Amino acid sequence: MTRRILITGASRGIGRSCALWLARTEAAHLILLGRDAQALAASAEAVRQAGGTAEIHVADVAHRSVLTALTGSVGPLDGLVAAAGISGMTPVDRDSDAFFDEILATDLTGPWNTVRAFLPAMGAGGRVVLVSSVLGRFGVPGYGAYCAAKHGLIGLAKALALELIDRGIVVNAVAPGWVDTDMAQTGIRQIAAATGQTEAQFRAQAEAAVPVKRFFQAEEIAHGIGWLLSPANTMQVGQCLNLDGGVVQS
Ligand SMILES: NC(=O)c1ccc[n+]([C@@H]2O[C@H](COP(=O)([O-])OP(=O)(O)OC[C@H]3O[C@@H](n4cnc5c(N)ncnc54)[C@H](OP(=O)(O)O)[C@@H]3O)[C@@H](O)[C@H]2O)c1
C-alpha cells in the first residue's frame, strides 16, 4: 500500500531530501508544505522523477489557522515530518525581540500547529518525526531563541509520544548536527563574522569538532528520519535520535 506522508519545509534542504528518499525507497505519496510555491513545485517534480507522487500546499507553519484550513484537503496520513525551520542569532544584549518571537513561532509553535492540524488525518500505525537539532541538546552563545525552540521540540516529542502511543501513533525527534544546506551556509557566515574568522576558517573549526570530522548531507539525515517513519520502528518512542557524527553521546 502506498504510504501518504506530509513533510513541512519540503521546498529545500532536509525536508526536500526526506521527500526524495521516501519517493525512491517506497514510491510514497508526499504532501509537501512550504512558503515558496515555485520551490515546492520543483520538489514535487523531483519526487515524481524519483518514483513517488506528490502534491504541494503553500503554507506558513507559524499561522495555525492556515494549517487547520488545510486539514480536510490532504486526506489520510501515514506519516508526518515537521522539518520547517529558521535559524539565526538573537544576542540577548541586542534588539533581538522580534526575531526571537519569529524563531519560536516557526521552530516550536510551527511543529505544534502542524501536529494539531494534521493529527485528525492519522490513524493507528502513524509516525511523527519532529526535526530538532544538536542545539536542542546543548547551548550556543547568541542562539538563545533557536536553542530554546529546539530544546522545546524534544520535550514536545516526549510528551506527544506518551499522549499518542495508545492510538498506535509513534512520535520521535531527531537532532542533526551540521548539515550542508542553505541554513548551514547562513550559520557559517554569521558565526564567522561574529567571531572574526573567515568562513573557511570557521567551517574547518566546526568540522574538527565533529568526531567524524565532516558535515553531513541532507540525504543522510533523511535516512535516519526514514527509519523513524518506518512501520518497522516500534521500539523507538518519544526519543531524540542524534544524527551528528558523535558530537552528543546521550
Ligand atoms: N542545516 C543544519 O545544519 C541543521 C542542523 C540541525 C537541524 N536543522 C533543522 O532541520 C530543519 C531543516 O533545515 P534545513 O537545513 O533543511 O534548512 P533550509 O535549507 O533553510 O530549509 C528550511 C525549510 O523550512 C521551510 N520553512 C522555513 N520557515 C517556514 C515557515 N514559516 N513555514 C513553512 N515552511 C518554512 C523553508 O521553506 P520556504 O522558504 O519555502 O518556506 C525550507 O523548506 C530545520 O528545522 C532546522 O532547524 C538543520
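Assorted remarks:
- Selection status of L6, crowded, with 21+ Cβ neighbours inside 10 Å, hydrophobic (A, V, I, L, M, F, W, C), more than 16 Å from the ligand (Cβ to nearest atom) and in contact (Cβ under 8 Å) with a residue 60 or more places away in the chain: no
- Just one of the listed residues (A157, A124, A161, A173) is touching a Cys at 6+ places or on another chain (Cβ under 6 Å), more than 22 Å from T90 (Cα to Cα) and at pLDDT 95 or above, namely A173.
- Some residue of region 41-61 being among the hydroxyl-bearing types (S, T, Y), modelled with pLDDT of 95 or more and either in a helix (DSSP H, G or I) or more than 11 Å from the ligand (Cβ to nearest atom) (or both): yes
- Index of the failed condition, A173 passing every other in (1) surrounded by 13 or more Cβ atoms within 10 Å (Cβ to Cβ); (2) assigned to a helix (DSSP H, G or I); (3) of a type outside the set (V, I, T): (2)
- Candidate set from region 69-105 (those that are under 18 Å from I7 (Cβ atoms) and part of a helix (DSSP H, G or I)); member that is farthest from the chain's Cα centre (by Cα): S73
- Answer residue from region 93-103, given it is out of contact with any helix residue (DSSP H, G or I) (no Cβ under 6 Å at 6 or more places or on another chain) and hydrophobic (A, V, I, L, M, F, W, C) and is surrounded by the most Cβ atoms within 10 Å (Cβ to Cβ) among those: F99
- Note on region 122-148: residues that are among the hydrophobic types (A, V, I, L, M, F, W, C) and free of Cβ contacts under 8 Å to residues at least 60 places away in the same chain amount to 9.
- Which numbered condition A184 misses (of (1) in contact with a Ser or Thr (Cβ under 8 Å, 6 or more places away or on another chain); (2) of a type in the set (A, V, I, L, M); (3) buried (at least 19 other Cβ atoms within 10 Å of the Cβ)): (1)
- Members of region 10-25 found to be touching a strand residue (DSSP E or B) at 6+ places or on another chain (Cβ under 6 Å) and not in a helix (DSSP H, G or I), listed by number: A10, S11
The values are calculated or read from the model by the stated rules, or taken from the named source; none is laboratory data. Everything numeric in this text was worked out from a predicted model, so none of it was measured. All Cβ positions, even for glycine, are placed from backbone atoms using ideal geometry, and neighbour counts span all protein chains on display.
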